[in-house]
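S.K.: So that we are looking at the same thing, I have put the structure below in structure tokens.
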Amino acid sequence: MSSLLLTGIGHLTTNDGDPVRDAVVAIDEGLITYAGPAADAPETEGREVLDCGGRAVIPGFVDAHTHLVFAGDRSDEFRRKMAGEGYQEIARSGGGIQATVRATRAASEEELLDLATERVRRMIATGTTTVEIKSGYGLDTETELRLLRVARRVGEELGITVRTTFLGAHTVAPDLTRERYVELLVDEMIPAAAGLADYCDVFVEKGVFSVDEARHILHAASEHGMKARIHAEQLTRSGGAALAAEIGAVSADHLDHATPDDAAALAEAGVAAVLCPGASYMLRGSQAPGPMLWDAGCTVAITTDCNPGTSFFESMAPIVSLAVVQTGLTVEQAIWAATRGGALALELPDRGLVTEGGVGDLVVLDAPDPAHIPYRPATDLTWRVIRSGSVVDGES
Ligand code: NIG
Ligand code: FE
């Protein structure tokens, strides 16, 4: 593996103290061996040199919540929602998640792999270097496993770290009662998913899964080695955040309706608060109380939530902008949440920071300051993406 030296960095976000001006980063064998002032930089000899010409450098984005393996799209529903129909109203009439389940069940593993690969390729091209991928559009054992296999294969084919999450409990499968489906999840689907998923997630929401059902499902998952994540307080106050704190989940996600008590409980239990500002925006919904969660001491991450129903974002840059402008995080908090926060939410402590020993995943921005990301939300400011010390050529 090569040695890379990035020189001429005008502004380096390390996520470990103040930004460094006129900085250099050295990456050897995929790991950062130096990050700091140019004056103390190691020799250039024997290394490939990339002169950043005064540009800003940040850690690669860590997108800690996506549902990117699916077929079809829901542009028709988007049109209806914007004309006034409700998200849950559409779901009750057979649309929503169930519409994507029908399209996804009908797609082969290779078709799903092609679709997912194209999405992740676009993510990498805009600076994402680590991604979490949930299943959840199969709702039967065979299709859920297909989605998890696709998620793993995308990572292998594109050389990007993928963390997988089993979200069979996305909604109740068509033609089954909720009791029967919860039983199927616990007795058959969770044991089958165990080797393919790092985590198990449940959509805790009025009319979807209750707190008690989620507790039961996540307990079964933990017996099969999968830690918990919870879709919590997204559309209404569901009690999912309190459950996440109670069971020591890795994350509580969305949190648009979280209260100060929820924030305190999550912080106390060390549960990451994973926000999805794209979904709040696309649903014209409530904003997660980002500053309140941050001030309560939660590890805050921001993510695309990439999915065909509520947040078809494939790039983290506009999410950073939404997190600042709509959610109310500061520029520095939002960039931290999109990088270091995501890494911590995925239990990857050597990602999302630019310090010695960290994984050499970086984005060189075509801008002098990372504030340009939220400030120029419609411009792709990705100049170069570096993954494990190699410059991504856009073709991989
Ligand atoms: O994160 N909340 C549940 N899941 C997705 C939406 C899924 C869909 O509408 O297809 C979300 O918003
Ligand atoms: Fe989600």
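S.K.: Name the pairs: first residue in the stretch 306-333 and of a type in the set (D, E, K, R), second residue in a helix (DSSP H, G or I) and away from ligand 1 (no atom under 16 Å from the Cβ), Cβ to Cβ under 6 Å, at least 6 apart or on different chains?
M.R.: Listed by first residue and then by second, the contacts come to 314/122; 314/123.
Rundown of residues vs (1) modelled with pLDDT of 95 or more; (2) surrounded by fewer than 23 Cβ atoms within 10 Å (Cβ to Cβ); (3) farther than 23 Å from residue 187 by Cβ; (4) aliphatic (A, V, I, L, M), yes/no style:
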| residue | (1), (2), (3), (4) |
| --- | --- |
| 112 | yes, no, yes, yes |
| 115 | yes, yes, yes, yes |
| 136 | yes, no, no, no |
| 147 | yes, no, no, yes |
| 152 | yes, yes, yes, no |
| 158 | yes, yes, yes, yes |
| 165 | yes, no, no, no |
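S.K.: Out of the residues in the stretch 126-144 that are part of a loop (DSSP other than H, G, I, E, B) and farther than 25 Å from residue 102 by Cα, which is farthest from ligand 1 (Cβ to nearest atom)? I'd like the intermediate steps shown before the answer.
M.R.: Initially, the stretch 126-144 is screened for residues part of a loop (DSSP other than H, G, I, E, B), giving 126-127, 135-140.
Pick out the ones that are also farther than 25 Å from residue 102 by Cα and you get 126-127.
Working: 126: 20, 127: 22 Å.
Only one residue tops the list, namely 127.
S.K.: Restricting to the stretch 3-31, and then to whatever is of a type in the set (D, E, K, R) and assigned to a strand (DSSP E or B), can you tell me which residue is surrounded by the most Cβ atoms within 10 Å (Cβ to Cβ)? Reasoning before the result, please.
M.R.: Looking only at the stretch 3-31, we keep the residues that are of a type in the set (D, E, K, R), and these are 16, 18, 21-22, 28-29.
Filter again for assigned to a strand (DSSP E or B), leaving 21-22, 28.
Values: 21: 12, 22: 15, 28: 18.
Looking at residues that are of a type in the set (D, E, K, R) and assigned to a strand (DSSP E or B), I get 28.
S.K.: Considering only residues of the stretch 266-285 that are closer than 26 Å to residue 247 by Cα and surrounded by fewer than 18 Cβ atoms within 10 Å (Cβ to Cβ), which is farthest from ligand 2 (Cβ to nearest atom)?
M.R.: Filtering the stretch 266-285 for residues that are closer than 26 Å to residue 247 by Cα and surrounded by fewer than 18 Cβ atoms within 10 Å (Cβ to Cβ), the one farthest from ligand 2 (Cβ to nearest atom) comes out as 268.
S.K.: So, in the stretch 212-265, how many residues would count as being within 13 Å of ligand 2 (Cβ to nearest atom) and of a type in the set (Lys, Arg)?
M.R.: First, pick out the residues of the stretch 212-265 that are within 13 Å of ligand 2 (Cβ to nearest atom): 229-235, 240, 251-256.
Still in the list and also of a type in the set (Lys, Arg): 229.
Looking only at that region, the number is 1.
S.K.: Can you name the condition, by its number, that residue 235 falls short on among (1) within 13 Å of ligand 1 (Cβ to nearest atom); (2) among the hydrophobic types (A, V, I, L, M, F, W, C); (3) over 24 Å from residue 80 (Cα atoms)?
M.R.: Status for residue 235: all satisfied but (3).
S.K.: What's the total number of residues in the stretch 316-350 that are within 14 Å of the chain's Cα centre (by Cα), closer than 21 Å to residue 164 by Cβ and surrounded by fewer than 22 Cβ atoms within 10 Å (Cβ to Cβ)?
M.R.: Looking only at that region, the number is 2.
S.K.: Which of the residues spanning the stretch 51-91 are outside any loop (DSSP other than H, G, I, E, B) and within 12 Å of ligand 1 (Cβ to nearest atom)? Give the derivation first.
M.R.: Step one: filter the stretch 51-91 for residues outside any loop (DSSP other than H, G, I, E, B), giving 51, 56-59, 61-63, 75-82, 87-91.
Residues satisfying the conditions are 77, 78, 81, 87, 88, 90, 91.
S.K.: Right, here's the next one. Taking residue 303 and the conditions (1) within 16 Å of ligand 2 (Cβ to nearest atom); (2) farther than 23 Å from residue 131 by Cβ, which numbered condition does it fall short on, given that it satisfies the others?
M.R.: So the condition that residue 303 fails would be (2).
S.K.: Name every residue in the stretch 77-93 that is more than 16 Å from ligand 2 (Cβ to nearest atom) and of a type in the set (A, V, I, L, M), in order of residue number.
M.R.: 82, 83, 90
S.K.: Of all the residues that make up the stretch 92-109, how many are of a type in the set (A, V, I, L, M) and either touching a residue at least 60 places away in the same chain (Cβ under 8 Å) or within 13 Å of ligand 1 (Cβ to nearest atom) (or both)?
M.R.: At the first step, the residues of the stretch 92-109 found to be of a type in the set (A, V, I, L, M) are 97, 99, 101, 103, 106-107.
From what is left, the residues that are either touching a residue at least 60 places away in the same chain (Cβ under 8 Å) or within 13 Å of ligand 1 (Cβ to nearest atom) (or both) are 97, 99, 101, 103.
Selection size over the stretch 92-109: 4.
S.K.: Also, I was wondering about something else. Keeping to the stretch 32-53, report how many residues are in contact (Cβ under 8 Å) with a residue 40 or more places away in the chain and either surrounded by fewer than 13 Cβ atoms within 10 Å (Cβ to Cβ) or out of contact with any Gly (no Cβ under 6 Å at 6 or more places or on another chain) (or both). Working first, answer last.
M.R.: Initially, the stretch 32-53 is screened for residues in contact (Cβ under 8 Å) with a residue 40 or more places away in the chain, giving 32-35, 46-53.
Then drop every residue that is not either surrounded by fewer than 13 Cβ atoms within 10 Å (Cβ to Cβ) or out of contact with any Gly (no Cβ under 6 Å at 6 or more places or on another chain) (or both), which leaves 33-35, 46-51.
Summing the residues that are in contact (Cβ under 8 Å) with a residue 40 or more places away in the chain and either surrounded by fewer than 13 Cβ atoms within 10 Å (Cβ to Cβ) or out of contact with any Gly (no Cβ under 6 Å at 6 or more places or on another chain) (or both) in the stretch 32-53 gives 9.
S.K.: Here is a follow-up. For residues in the stretch 336-374 being assigned to a helix (DSSP H, G or I) and among the aliphatic types (A, V, I, L, M), which is farthest from residue 14 (Cα to Cα)? Don't jump to the end; show me each part of the working.
M.R.: Within the stretch 336-374, the first condition is being assigned to a helix (DSSP H, G or I), and the residues that meet it are 336-338, 340-345, 372-374.
Now drop any that are not among the aliphatic types (A, V, I, L, M), which leaves 337-338, 343-345, 373.
On the way: 337: 13, 338: 13, 343: 14, 344: 15, 345: 18, 373: 16 Å.
Looking at residues that are assigned to a helix (DSSP H, G or I) and among the aliphatic types (A, V, I, L, M), I get 345.
S.K.: Output the number of residues of the stretch 79-98 satisfying the condition of being of a type in the set (A, V, I, L, M, F, W, C) and closer than 12 Å to residue 307 by Cβ. First the steps, then the outcome.
M.R.: Here is the first cut: in the stretch 79-98, the residues of a type in the set (A, V, I, L, M, F, W, C) are 82-83, 90-91, 97.
Those left that are additionally closer than 12 Å to residue 307 by Cβ: 97.
Residues in the stretch 79-98 being of a type in the set (A, V, I, L, M, F, W, C) and closer than 12 Å to residue 307 by Cβ: 1 in total.
S.K.: Test each condition in (1) of a type outside the set (A, V, I, L, M, F, W, C); (2) out of contact with any helix residue (DSSP H, G or I) (no Cβ under 6 Å at 6 or more places or on another chain); (3) closer than 16 Å to residue 326 by Cβ; (4) crowded, with 19+ Cβ neighbours inside 10 Å for residue 304 and report the one that comes out false.
M.R.: Every listed condition holds for residue 304 apart from (2).
S.K.: Here is a follow-up. If we scan the stretch 13-29, do we find a residue that is within 30 Å of residue 142 (Cα to Cα) and among the hydroxyl-bearing types (Ser, Thr, Tyr)? Write out each step before concluding.
M.R.: Narrowing the stretch 13-29 to residues within 30 Å of residue 142 (Cα to Cα): none.
No.
The values are calculated or read from the model by the stated rules, or taken from the named source; none is laboratory data. Since the model is a prediction, treat every value here as computed from it, not as a measurement. Cβ atoms come from the backbone with ideal geometry, glycine included; neighbour counts cover every protein chain shown.
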